[in-house]
Amino acid sequence: MKAFAQTLELKDDPALISEYLEYHKRVWPEVLSAIQATGISTMRIFVHGNRLFMYAEAPDDFDAARDYQKYTASARAREWDELMRKYQQRVPAASSNPDEWWSPMDLCFDLSDQLQKNGPG
């Protein structure tokens, strides 16, 4: 199992941010099933102001760039994806690839790895 993180921004409009958060309190069941069908077993999205941070876990052979958008093979999930883009915008440091909406983040610290290498305290 491996973990990955991505970031995205919400449009800086309190009403839109509120709507986005409300949608995420009741994600459509077809979207949940479609995400799970890609192999993702855990997904959490955090918000701070208008910045989103997504943490996900998937099998070792999962490639986020290749596999994540497979969830939009479902018409309902594709509808969700298009709806969410009304609220979202790419981060300033995003790649120039227009197909890359969420920007991948690099891991810079892992407590488990550090403890395994260096031991506690």
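The values are calculated or read from the model by the stated rules, or taken from the named source; none is laboratory data. Given the structure is predicted, the values throughout are model-derived calculations rather than measurements. Note: ideal-geometry Cβ built from the backbone for every residue, glycine included; neighbour counts use all protein chains shown. Surface areas here come from the heavy atoms of the whole protein model, side chains and all, with no ligands, DNA or RNA. Shrake-Rupley method; radii C 1.70, N 1.55, O 1.52, S 1.80 Å.
With R₀ fixed at 30 Å, the C-beta to C-beta distance from D113 to R51 puts the FRET efficiency at about 0.70. If R0 equals 25 Å, the separation of the Cβ atoms of K70 and S95 corresponds to a calculated FRET efficiency of about 0.80. Ligands, DNA and RNA are left out, and with a 1.4 angstrom probe the accessible area of the chain is 65 Å² per residue.
When percent of Cα pairs over 25 Å apart is calculated for this entry, the matching label among [x] 35; [y] 50; [z] 27 is [z]. So, in Å, what gap is there between the alpha-carbon centers of the range 72-107 and the range 1-59? Centre-to-centre distance over Cα atoms comes out at 10 Å. Take the Cβ atoms of S41 and E19, set R0 to 22 Å, and the FRET efficiency comes out at 0.20.
For the range 1-117, the fraction of 1.4 Å probe accessible surface lying on carbon and sulfur atoms is 52 percent.
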